[in-house]
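Shown next, in structure tokens, is the structure this report addresses.
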């Protein structure tokens with residue numbers, strides 16, 4: 001059921017009031033808060049409809065109403081105006097205090113935590129494309145070859161390959177030439193049957209070994225890199241009463257310290273995100289169990305084509321979405337400008 005304009009305005013007033021106070025909102029408050037000029041009785045009826053539709057909930061019998069996850073979702077999707085809040089001097093601070101990307105991103109996390117009063121995370125850049133730059137095959141002993149694979153971004157992968165007998169140095173040299181000639185510059189998806197067949201023809205009697213080496217290379221390239229995550233402002237979570245529960249705090253702090261679960265969040269594909277790469281997770285939508293009572297807003301930054309990372313802001317469900325989305329939009333523009341100047 002699509003909400004009419006009156007219900008939408010009342011829901012918007014409830015959410016904005018709850019964002020400001022953190023307290024359940026009653027009909028009398030809404031009658032003063034909106035320009036609808038409705039009686040408290042009429043507003044109560046509309047609030048009852050909103051509750052029945054699942055947009056607001058009543059935490060206690062005699063209390064007012066608070067937004068549900070569904071209510072927050074509607075607010076984010078249909079009411080959140082596309083405002084870009086200027087973050088004065090952020091760009092200058094970033095350039096001044098960081099001359100390397102990793103230091104820059106750590107500074108981004110700290111500045112975001114200060115500017116938003118929420119917890120923040122920033123990942124180091126990853127590579128979407130995994131093109132082969134160089135392959136070196138070396139005989140370790142009569143039973144093993146070591147394949148050193150260098151892929152785009154100068155990422156080095158090592159794989160040990162079993163062999164049935166020692167390989168002549170000239171044959172090993174030929175194999176190195178074959179692999180670098182045919183695979184250099186190719187992504188894993190571009191290594192097709194035609195390429196493999198030509199390589200096997202060049203390898204002659206060692207065509208089976210070519211298959212084994214290709215399998216090892218494919219496995220090495222496909223392995224997920226461990227994502228390095230910088231975090232800041234985790235203790236900001238303590239400022240929000242609805243999250244200041246010992247069990248919740250322990251789980252949240254554990255997540256920030258261990259960081260393993262954070263990779264689940266940053267590696268998630270941004271389905272339904274807007275053109276600016278902004279993704280909003282509200283409550284149970286969040287893929288991290290310890291953050292089910294939080295909202296998380298993430299954005300994707302790109303250093304150059306195929307080189308990207310994630311920035312995330314974690315706070316209560318009554319997060320100031322307009323401010324957070326505005327800051328992230330502005331930050332994406334500033335980072336894009338900074339990275340283009342650096343390259």
remark   = If we keep only residues of segment 56-74 that are surrounded by 11 or more Cβ atoms within 10 Å (Cβ to Cβ) and out of contact with any strand residue (DSSP E or B) (no Cβ under 7 Å at 6 or more places or on another chain), then the residue modelled with the highest pLDDT is 70
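Each row is one residue, and each column tells you yes or no for (1) surrounded by fewer than 15 Cβ atoms within 10 Å (Cβ to Cβ); (2) modelled with pLDDT of 85 or more; (3) over 32 Å from the mean Cα position of the chain (by Cα); (4) in the same structural domain as residue 15 (by TED's automatic domain parsing).
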| site | (1), (2), (3), (4) |
| --- | --- |
| 95 | no, no, no, no |
| 108 | no, yes, no, no |
| 113 | no, yes, no, no |
| 139 | no, yes, yes, no |
query = Just for segment 2-23: of the residues that are surrounded by fewer than 16 Cβ atoms within 10 Å (Cβ to Cβ) and not in a helix (DSSP H, G or I), which one is nearest to the chain's Cα centre (by Cα)?
reply = 22
query = Do we find a residue being farther than 18 Å from residue 73 by Cβ, touching a strand residue (DSSP E or B) at 6+ places or on another chain (Cβ under 9 Å) and not assigned by TED's automatic domain parsing to the domain that holds residue 117 anywhere in segment 36-46?
reply = no
query = In segment 51-70, which residues are in contact with a helix residue (DSSP H, G or I) (Cβ under 6 Å, 6 or more places away or on another chain) and closer than 11 Å to residue 7 by Cβ?
reply = 55, 56
remark   = Taking segment 101-120 and keeping only residues that are closer than 22 Å to residue 243 by Cβ, touching a strand residue (DSSP E or B) at 6+ places or on another chain (Cβ under 7 Å) and in a helix (DSSP H, G or I), one is left with 109, 110, 112, 113, 116
ask   = With respect to the numbered conditions (1) outside any helix (DSSP H, G or I); (2) touching a residue at least 12 places away in the same chain (Cβ under 8 Å); (3) outside the structural domain of residue 265 (by TED's automatic domain parsing), which one is the sole condition not fulfilled by residue 231?
value = (3)
query = Looking only at segment 24-39, which residues are in contact with a helix residue (DSSP H, G or I) (Cβ under 9 Å, 6 or more places away or on another chain) and exposed (fewer than 15 other Cβ atoms within 10 Å of the Cβ)?
reply = 28, 35, 37, 39
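Residue-by-condition table, conditions (1) assigned by TED's automatic domain parsing to the domain that holds residue 117; (2) surrounded by fewer than 12 Cβ atoms within 10 Å (Cβ to Cβ):
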{"site": "184", "(1), (2)": "no, no"}
{"site": "198", "(1), (2)": "no, no"}
{"site": "205", "(1), (2)": "no, yes"}
{"site": "214", "(1), (2)": "no, no"}
{"site": "235", "(1), (2)": "yes, no"}
{"site": "249", "(1), (2)": "yes, no"}
task = Select, from 154, 158, the only residue that is under 33 Å from the mean Cα position of the chain (by Cα), surrounded by fewer than 16 Cβ atoms within 10 Å (Cβ to Cβ) and modelled with pLDDT of 85 or more.
result = 158
Enumeration of residues in segment 266-307 that are outside any loop (DSSP other than H, G, I, E, B), surrounded by 15 or more Cβ atoms within 10 Å (Cβ to Cβ), more than 9 Å from the chain's Cα centre (by Cα) and at pLDDT below 75 = 303, 307
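The values are calculated or read from the model by the stated rules, or taken from the named source; none is laboratory data. None of the values given here were measured: they were computed from a predicted structure. Glycine gets a Cβ as well: all are built from the backbone with ideal geometry, and neighbour counts include every protein chain shown.
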